[in-house]
Each structure stands twice: as C-alpha cells, then as structure tokens.
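Everything on this sheet refers to the single structure shown next.
The values are calculated or read from the model by the stated rules, or taken from the named source; none is laboratory data. Predicted model only: the values in this text are computed from it and were never measured. Cβ: placed from backbone, ideal geometry, glycine included. Neighbour counts: every protein chain shown. What goes into the accessible areas is simple: the full protein's heavy atoms, side chains included, and nothing from ligands, DNA or RNA. Shrake-Rupley method; radii C 1.70, N 1.55, O 1.52, S 1.80 Å.
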Amino acid sequence: MEFECPPSTEVSNRLVELLLDPGIEIAESNPHTNKTESHETAKPGNSKPEYVRVDNSKRVSKFQSKKGIITSYHSDVVVDYCRLLSDLPLALISEILNHLDPKELGIVSCVSTIFHRLAFEHHAWKEFYCERWGLPAAPVVLDSGVADEKSWRELFVEREFRSKTFMGRYSIDVLYGHTEAVRTVFLLASAKLIFTSGYDSVVRMWDMEDGLSIASSRPLGCTIRAVAADRRLLIAGGTDGFIHCWRAVEGSPHLFELRSTKNQNTEFRLWGHDGPITSFALDLTRIYSGSWDMTVRLWDRYSLKCTQVLRHSDWVWDLVPHDTTVAISSGPDVYVWDTNNGTLMTIIHNAHVGNTYALARSHTGDFLFTGGDDGAIHMYEIMNDHDETKAWKIATWIPHNGPVYSLAFEFPWLVSASSDGKLALIDVKKLLRTSKHALGKRGRRAKHLHQSTVEPPQRMLHGFKSNLFSVDVGADRIVCGGEEGVVRIWNFTQALEIERRARALRGMRLENRMRRRKLQAEVSNKSGRNDQCSVAAAKKNSGNGIWPNKRGVSGKLKA
C-alpha cells in the first residue's frame, strides 16, 4: 500500500520535513540554472532515487531514471516519490484507521506486524462493539479467581460470531408453570435469568440455562402486562395501575427474593397511573412506565418520585428510551420526546393502519422499529438536522398475517411476535452504512434502497398455536410467551458449538493446505536445481563431443 504524489502537488516546507524521515538524504540544485550540481553518474537500469546531504535551507531531490537521466525538483514541490503508509506518524495512521469499518480494519491488520499491532489495539473496536450491543457485562471470573479480561477486538469478534448462530440449528425448551396466558417475558442475559407473568398475576423467575423455575411471587391481584429488570431492580405493572418493585438482595444467588418476608424494604409499590400499565423500561437513573391513561411517567430511581409526565391523545402501548430521548407508541402514532426538558421532538403520524403495538430501538438510538395492527414492520432512521428531528422510513416488511404484538432487537437481528403464532427473524445489517467515511456528522447511517430490493425475513419460527404476546432476545436465545400459557426458549447454543467445530476444521484444512504447498515449493526448487545441473553437464559434454544419450554412448563403445 503506497501513497503517490504527482509532481505538480505543492506543499509547504514544513509538511515535507514532517513526511520525510531524518535519514533521507537530499541533493542540492543550482537555483540559477536547470542543471543539477552533482558529481555522480547514473547507472542505466537503476530506477532508485539517490540522495546526498545538503543544507536544510535548500533541498532538492535527485532521481535517476532507467535511461540514466538525472532529474531534480525544488523543495516546494513534492516529487513523484512513493511513500509507504507505515512511514507516516503513528497518530496519523491511527486517524486513518479510525475511518475504516470492522471488515476493513481486520484486513489492514493482516498487512504487516506494525499494522497488526495498531489495528488490534485500536480504540475503534470499542466504538464498534458499543454501537451494536452497548457496554458488555462485567468480566467473567474464572475458576482460578482471575478475571477473563479480553481486548475490545476479541469481544467484538466473539459477539459477531455468536450473532450468526440464529441461522443454525436450535433446540426448544418449554417452561410450564403459568396457569393462564403469558402476557410478558423479559430476558436478563447478564444474570442468565428470565422473568415472565400474565393473566394469573404471578411473576415467575426462571434459570436461562436449564429452564428450571427458581421462584415465583405471591399473586399480585390483577393481570400483569409488563415486566422489566436489571441487576438492581425488578418491576412489574398491572391493570390496577400500580408498579410493584423488588430490590436486589445482596448475597442472593438469584438477585431477587420474590417471596421476601424477612426484609420488607426490598418489596414496595409505586402509585400514580389511573389505568392499566402496558409498558416498562429502566435506565441508570429513571423508571419509565406507560399506561392506558394516555400518559408516560418518569420516576427517579433513588427518590422513587414521579419527576415528569408525558401526555398523549390515545392509549400508550409501548416505549423505548435511549439516552435523553424516549420513543412512545400511542394509538397509531409514534412520538419522540426529549426527556431533559419534556419537549416533543417529532411525531410519526399513522405509522400503522390501526394501533402501533410494539417498538424496538438500536443501541445507538438512530434506528426505530415499529410493529402494528396491520401485520407490518417498519424501520425508521431518527436524524437531527439543524435542531430539527426527522424520522425517515428505511424499509418495510410484512411477514405476518395478524397484528405484531412485540418486537425485540439485538444487532443485527430484529425478532417479531404476532397473533399468527409465528416469529420472524430479520437481519438489518445490510441496510446500514458501516463505513465511517461515508457518514459525516449529519450523514445518514442507512442505505438508500428501493422497497423492492429489501430482503424478506431470513427465518420464520413456527410451533405455536396462536397469539404470541411477547418476545425477547439475547445470549443465543429467543424467549416468547403467548395464549397457550407456556414459555418457549429457542436455544441456539447447539448451532454455536457446531459453527465452532466447523471453524476449527476449516483452520486445520487451511493449515494442511499451506503445509502441502510449502512441501511442493521445496520439491520444485530441488528439481529446478537438478535440472540446472543436468543442463550444465549436457553443455559441458556437448563441448567435449560426447552425446548424453544411449545412441552416443553405444557408438563410442563400438568405436
């Protein structure tokens, strides 16, 4: 990889001194004539430039062509001189690498040892990871007691590899325990826990790995339509308008004590809504709750007080916050609010024919996915242009024959659950611009594609009767619940193991292929030397009048 500057390109003396190494020698030319003051003779066939040291105030390069002509250039003009990328300052190389996408950065790391070190340790890998999946969980502690700390590149490659398993083999685990329909499921992948609830008003906690029931709460007295959790707080909302909360118990093997009787401070309720609660979300400082009372309330996690109320003109079905904004579906419309000052940023009118039931959002907050009564799924890009927020429709899919009740997104997969009893898996990676140099500060991060070029869902999962109400995705698993009253887990870890074995076999085949090529090269080199020796011997024998064949030898013997 080289950079070539044409002879007519003009740069300052300071930039030339920056790019040229201190060890490069320069030849001086006479400023009053066109001839170069040099006492050296150019050798024909030599196209390499020669340099001699002169005073730094006047520098001219001398170049010898194949014809032996000596050419000189003044210091204010960059010569037709090839520079390697590795000769640039490390800071400049790092800035160049910052404009590459993950695939390009991986290719550059294979060029040389210098680029391998720079690309392997580059800070862009952290940006790539966080843009797709957010910040990772705490490092895993090994049996030896040492944390398994990996570089950002290793974390990215491993997560990217795991994301491909949803097209492979799977197994289905069916969890029994609810007596009525399951309205909501939530997967807490960092703790390997699953929380479910529904018409039986009981919140159940399951182990994600083996599918066993860990604990269940007492009946809360009404239908539970929404559940959300992190490693510090678990919340559930019902049709009576309350928010039932459990704090994490320090030292508990499963974070929460759903039937806590010893410490009453770990279980409490928040009141404020006048209608059934339909959706929840948590971040580091706030609790978000949406209700059929046409409001979304923001609660402070520390004072447990409502700090803001966002009012709408129809029932609130779903909400997804990101940073200082929150997207809310109310009736057929989608609203995007600024949570810092409570101002409305933009409205997507009539996103669906009928109600917009489900929302999902990327970790960067740039892309918003909607599902509704018409069975369609829309993808929007949220853009800020000169203090004005706009929503651009990128793509539309219609994979279902009934309303889409739930959406879940984990890059690059969008998973939808519908009343037709099917799950649709959509890969949105091809719709995104991954190269940073194609973005700009206000550039669109999605590609301009005609609707006819948008690929259909990559996979449809069947096996349910009807009415899937909720779905969640994460950690090689898809969890869903519906009208049957059971929870199903689609486990793709088998595909992960198969892909790992296939990758190991491909590596062994490649290694064997390279070893065979090396042996063939060595054999060909030896045979080439033997041929050269035989040719030399033949020439020598022919000079002595002895023919190196049977006829010549037999004739000599007869003589």
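Structure data summary
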{"read-out": "Within the range 178-201, tally of residues that are of a type outside the set (D, E, K, R) and either surrounded by fewer than 16 Cβ atoms within 10 Å (Cβ to Cβ) or more than 23 Å from HIS462 (Cβ to Cβ) (or both)", "value": "11"}
{"read-out": "Complete set of residues in the range 304-326 that are open to solvent by 20 Å² or more (accessible area, probe 1.4 Å) and under 18 Å from ASP230 (Cα atoms)", "value": "LEU304, VAL320, PRO321, HIS322, ASP323"}
{"read-out": "Of all residues in the range 241-260 being surrounded by fewer than 18 Cβ atoms within 10 Å (Cβ to Cβ) and of a type outside the set (A, V, I, L, M, F, W, C), the one that is nearest to the chain's Cα centre (by Cα)", "value": "HIS254"}
{"read-out": "Residues of the range 223-238 that turn out to be within 18 Å of ARG297 (Cβ to Cβ) and surrounded by fewer than 18 Cβ atoms within 10 Å (Cβ to Cβ), as a count", "value": "1"}
{"read-out": "Filtered residues of the range 202-215 (kept if open to solvent by less than 20 Å² (accessible area, probe 1.4 Å), among the hydrophobic types (A, V, I, L, M, F, W, C), assigned to a loop (DSSP other than H, G, I, E, B) and within 20 Å of ILE172 (Cα to Cα))", "value": "MET208"}
{"read-out": "Residue within the range 366-386 that is in a loop (DSSP other than H, G, I, E, B) and hydrophobic (A, V, I, L, M, F, W, C) present", "value": "yes"}
{"read-out": "Positions within the range 475-486 being surrounded by 21 or more Cβ atoms within 10 Å (Cβ to Cβ) and touching a Phe, Trp or Tyr at 6+ places or on another chain (Cβ under 7 Å), in sequence order", "value": "ARG477, ILE478, GLY481, GLY482"}
{"read-out": "Only one of ASP230, ASP240 that is without any contact (Cβ under 8 Å) to a residue 60 or more places away in the chain, touching a Leu at 6+ places or on another chain (Cβ under 6 Å) and either acidic (Asp, Glu) or within 26 Å of PHE464 (Cβ to Cβ) (or both)", "value": "ASP230"}
{"read-out": "Any hit, the range 282-296, residues being open to solvent by less than 10 Å² (accessible area, probe 1.4 Å), over 24 Å from ALA189 (Cβ atoms) and touching a Cys at 6+ places or on another chain (Cβ under 8 Å)", "value": "no"}
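Conditions (1) at pLDDT below 75; (2) open to solvent by 100 Å² or more (accessible area, probe 1.4 Å); (3) touching a Cys at 6+ places or on another chain (Cβ under 6 Å); (4) in a loop (DSSP other than H, G, I, E, B), marked per residue:
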site	(1), (2), (3), (4)
ASP472	no, no, no, no
TRP490	no, no, no, no
GLU499	yes, no, no, no
ARG506	no, yes, no, no
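One line per residue, one yes/no per condition, for (1) farther than 16 Å from SER279 by Cα; (2) in contact (Cβ under 8 Å) with a residue 12 or more places away in the chain; (3) not in a strand (DSSP E or B):
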residue: SER303; (1), (2), (3): yes, no, yes
residue: ASP318; (1), (2), (3): no, yes, no
residue: VAL326; (1), (2), (3): no, yes, no
residue: TYR335; (1), (2), (3): no, yes, no
residue: ASN340; (1), (2), (3): yes, yes, yes
residue: MET345; (1), (2), (3): yes, yes, no
residue: ASN350; (1), (2), (3): yes, yes, yes
